[in-house]
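Next up is a structure, given as structure tokens.
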Amino acid sequence: MVNVCYHCGYAYTDQFSSPKPAQIKEIKEQVSENWVPRDYGSIRDFQMAVESLKLGILCGQLKGEKYNILATLLLHTAWIHREAQDYNNEKRFLNLAREYFLKVYQEDTSGQVDLPKLLFLLGELSRRLDKRDEALSWFSKLVSDKGIKDEKMINRAREQWMLIKKEKERQSGEG
């Protein structure tokens, strides 16, 4: 859940790091100076949920939060749009989430990344965005990496890999 300050518009999650003075200045300039105080309370409608997530993404970007935190916020934003049957915005945010998860895969050296989950997410996001060959590649990486012992994620990747193969076969039979 994204918390939003009523007074200044600063939005954050429990995973955010504490803001540094330069980041506070940037947030004041980019968010607070244009902020009209409003309460996001504990019960949010669709619009409030989207606004709070977008504020969280903006503040996280201004602060330079970790890619996995931003990717998760983008993914949650996509889910909310799916729930509202706003499929154009769902795809838009799925694509942004995929880009950020890809940055996690390419750049995170913390050793704290759940690699099986990350590979599965990259595969599933690619699949949902009709990037089937890319999805197959991610699922194959997960299944074939001998260092990965997470059987649940391996099985889920196999299932999705087979689903894509069947979809491709069905399409080639129709064309």
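Give the residues of the stretch 158-175 that are under 19 Å from Val143 (Cβ atoms) and basic (Lys, Arg), sorted by residue number.
Passing the criteria: Arg158, Lys165, Lys166, Lys168.
Here's another thing I want to ask about it. Being charged (D, E, K, R) and part of a helix (DSSP H, G or I) is the filter; apply it to the stretch 57-94 and report the residue that is surrounded by the most Cβ atoms within 10 Å (Cβ to Cβ).
Lys63
Given the criterion at pLDDT 95 or above and over 9 Å from the mean Cα position of the chain (by Cα), identify the matching residue among Leu53, Leu70, Leu75.
Leu53
Out of all the residues in the stretch 33-56, which are surrounded by 15 or more Cβ atoms within 10 Å (Cβ to Cβ), in contact with a helix residue (DSSP H, G or I) (Cβ under 9 Å, 6 or more places away or on another chain) and in contact (Cβ under 8 Å) with a residue 12 or more places away in the chain?
Correct list: Tyr40, Ala49, Val50, Leu53, Lys54, Gly56.
Mind checking which residues of the stretch 145-164 are part of a helix (DSSP H, G or I) and either of a type outside the set (Lys, Arg) or without any contact (Cβ under 8 Å) to a residue 12 or more places away in the chain (or both)?
Of everything in the stretch 145-164, those that are part of a helix (DSSP H, G or I) and either of a type outside the set (Lys, Arg) or without any contact (Cβ under 8 Å) to a residue 12 or more places away in the chain (or both) turn out to be Glu151, Lys152, Met153, Ile154, Asn155, Ala157, Glu159, Gln160, Trp161, Met162, Leu163, Ile164.
Cβ-Cβ under 6 Å, sequence separation 6+ or interchain: first residue in the stretch 69-91 and under 18 Å from Arg44 (Cα atoms), partner surrounded by fewer than 16 Cβ atoms within 10 Å (Cβ to Cβ). Which pairs?
Between residues of the stretch 69-91 that are under 18 Å from Arg44 (Cα atoms) and residues that are surrounded by fewer than 16 Cβ atoms within 10 Å (Cβ to Cβ), the close pairs are His81/Asn89; Ala84/Phe46.
Tell me whether the stretch 161-174 contains one or more residues that are touching a Pro at 6+ places or on another chain (Cβ under 9 Å) and either exposed (fewer than 13 other Cβ atoms within 10 Å of the Cβ) or polar (S, T, N, Q) (or both).
no
The values are calculated or read from the model by the stated rules, or taken from the named source; none is laboratory data. If you're wondering where the values come from, they're calculated on a predicted model, not measured in any experiment. Neighbour counts run over all protein chains shown; Cβ positions are idealised from the backbone, glycine included.
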